Structure formats: structure tokens, C-alpha cells
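The values are calculated or read from the model by the stated rules, or taken from the named source; none is laboratory data. In this text, all values refer to a predicted model and were calculated from it rather than measured experimentally. Cβ atoms come from the backbone with ideal geometry, glycine included; neighbour counts cover every protein chain shown.
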Amino acid sequence: MTPPTMILVRPQMGENIGAAARAMLNFGLERMRVVAPRDGWPNSRAVAMASGAGRVLENAGLFPDVKTAIADCDYVFATTARGRELVKPVVTPERAMEQARAMVAAGKRVGVLFGPERAGLENDDVVLANAIVTVPVNPDFPSLNLGQCVLLMGYEWRRQTVDVPPEVMGLARTDFAGALEVEKLADHYEQRLGDASFFYPADKAPMMKANLRNMWSRLNLTKAEVQTFHGMLRQIAWKLRGQDQDKP
């Protein structure tokens, strides 16, 4: 598959080109094209800002105009926050990259246009695109930095192409405790609580123990947490034994 090409149209600041390169590589995109950059090309400020993403700039194509930059593209998205007097599909970044994934999987080449920092894409640029991508930003402050805009599109592309669960448990170099480990912890607690006469009255003791065991199994404890609870109980028992020995 050929991932979408990010096409920066008449970018004005090298720093923003470099930021766009970093955003692209963050999400696995390396195909950049630069159309008529204001400060020429290559750009040392772009290289400095790109940091570890310099290869995106090294392989970037330089083009004199948008028509030439998109000549080999089968489908083009234009990113803009301004309303246009044009009849075109207007999609969110999520929908755009969903469509891009399907087209790329079918062997199509997809391009995404990003306008210059000062005013964005002009109508003459947008008419060359197949669809418009608009982000639901604050209408009183709709302008996005070039790097931010590329980041949004890159993020949505990555979401569409990599299966990432919405939630995972960070285990911090440990693992969940097994059923036997949790059972032994429950035994340890029952023993110590029994020593402290916690299970009273006697006729309620079975239900109290069952509730405690249910609690332990429901907590999804890690191995480290189980060991911590064992250590807490041992420390309490040791401290209480010391206090008993100190009594006259």
C-alpha cells in the first residue's frame, strides 16, 4: 500500500514544514510534497525543527504548483476551515482517512492538501480537490497551525490502519496474579482476621468470608499487589507480637 501524500502548498515558515515532517513520521507517513515554499528549498530551519524526521524532508518532492503536485493522485482532499462556495463533499479527518484507507487498499494514490499559514488554501487550490476536510474547531478561532493540521490527519490515518484497543492496563513490569495467588492471599487474610476475632458472630462468618473472597477476585490484582498485601499483613502481625511482648 502507498500511504497518503501530505502536500504543503506555499508554506511560509521552515519551522512549520519541519513540524509537519515530525507529525507525519510520528504516525508512519513519509511521503511529503512541497509546493512553491516561500523561503526556498531545502530549508535549514525545517531540518532543525524536524529533528529525527529529517528523512521525510530529504525525500520530499518540490513542485512549482498544485496541479503538478497532484498529477499522479487518484483522489485529493483539501484541508480548510473556511466555508467555500463550492459543491463538494465536506468530511471530518476521521472520515477522510477512513476513505483514504479504502482507496489505498484498492491501489489508489491519495493526496492531502494543506494551505499556507497566513490564509490557508485558495479557491483555485480547493477546486482541484475531490473533497474538503474540515475540523470542528472553535468558530471564533478556526485557524490551525500547519504542523497541527498535519498531525490531526496523521493521527486519523494511524487510527484507521493500526488496531489500537481503546483501553489497556499498564502493568509496569508486572503481571496479573493467578487464581492460586489470589486464593492464598484470601487464606492469609482469613487467618489474620480470624486471629483478630473479626468474623463475629459465628453464624455470619461464612458469608463474610465469601464476600471477602469475592472482593479479592473482583479486583484484578497484579502479582506485585498481592505481594504487597501479604507484606502488610506480616508487618501488622509482627508489630502486634512485639506490643504483646512489651506488656508487663
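Odds and ends about this structure:
- Residues in segment 42-57 that are out of contact with any Pro (no Cβ under 9 Å at 6 or more places or on another chain) and crowded, with 21+ Cβ neighbours inside 10 Å: M49, A50, A53, V56.
- Within segment 14-41, restricting attention to residues that are among the aliphatic types (A, V, I, L, M) and surrounded by fewer than 21 Cβ atoms within 10 Å (Cβ to Cβ), the residue that is nearest to T80 (Cα to Cα) is A36.
- Checked against the criteria, F114 counts as on the phi < 0 side of the Ramachandran plot, in the same structural domain as L146 (by TED's automatic domain parsing) and crowded, with 22+ Cβ neighbours inside 10 Å.
- Restricting segment 117-133 to residues that are among the small types (G, A, S) and part of a loop (DSSP other than H, G, I, E, B), the residue that is farthest from R159 (Cα to Cα): A119
- Selection status of V164, touching a residue at least 12 places away in the same chain (Cβ under 8 Å) and either closer than 30 Å to P93 by Cα or among the β-branched types (V, I, T) (or both): no
- Strands (runs of 3 or more DSSP E) contained entirely in segment 1-116, each with at least 3 residues that are touching a Cys at 6+ places or on another chain (Cβ under 7 Å), among the hydrophobic types (A, V, I, L, M, F, W, C) and at pLDDT below 95: none
- Taken as a whole, the structure places D140 among residues that are of a type in the set (D, E) and either touching a strand residue (DSSP E or B) at 6+ places or on another chain (Cβ under 6 Å) or modelled with pLDDT under 90 (or both).
- Top-ranked residue of segment 192-237 - restricted to ones that are more than 28 Å from D175 (Cβ to Cβ) and hydrophobic (A, V, I, L, M, F, W, C), ranked as surrounded by the fewest Cβ atoms within 10 Å (Cβ to Cβ): A202
Residue-wise test of (1) under 19 Å from the mean Cα position of the chain (by Cα); (2) at pLDDT 90 or above; (3) of a type in the set (V, I, T).
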position	(1), (2), (3)
L128	no, yes, no
T134	no, yes, yes
E156	yes, yes, no
D163	yes, no, no
M169	yes, no, no
R173	no, no, no
K184	no, yes, no
